[in-house]
1. Express the relative contact order of the chain as a whole percentage, based on alpha carbon pairs under 8 Å and six or more residues apart in sequence.
2. Could you calculate the contour length gain from residue 41 to residue 64, that is, 0.36 nm times the residue separation minus the distance between their Cα atoms, to one decimal place in nm?
3. Each label point is 7 Å from the Cα along the Cα-to-Cβ direction; what then is the distance between the points at residue 20 and residue 57, in nm?
4. Expressed as an acute angle from 0 to 90° and rounded to the nearest 10, what is the orientation of the C-alpha long axis of helix 11-34 relative to the principal long axis of the chain?
5. Does anyone have the angle between helix 41-64 and the longest principal axis of the chain? Alpha-carbon axes, 0 to 90°, nearest 10?
6. Starting from the Cα-Cα distance between residue 1 and residue 32, subtract it from 0.36 nm times their residue separation and give me the gain in nm to one decimal.
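What follows is calculated from the coordinates using simple rules that are stated; it is not laboratory data. The shown structure was predicted, so the numbers you read here are calculated from the model rather than taken from an experiment. Here the Cβ is made from the backbone with ideal geometry for all residues, glycine too, and neighbour counts use every protein chain on show.
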């Protein structure tokens, strides 16, 4: 997910996407512990996407205040 895509999303969409990404990451971690993933770098990408979304949400909170 690109930063530009994140900036174009609404606040509600960002929060929904954040929840979806967290669930997806948890599912991947669980499945990776049972059977190793073919591409474990997906976990790293999911964590980075979550961080990008959290950063954008926080930046919007700061700009409103």
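1. On the way: 24 pairs, mean separation 30.9, N = 65.
Across the chain, relative contact order equals 48 percent.
2. 4.8 nm
3. With each label placed 7 Å out from Cα toward Cβ, I get 1.5 nm.
4. Value to nearest ten degrees: 10.
5. The angle comes out near 10 degrees.
6. On the way: separation 31, 0.36 × 31 = 11.16 nm, distance 2.17 nm.
Once the chain is fully extended between residue 1 and residue 32, it gains 9.0 nm.
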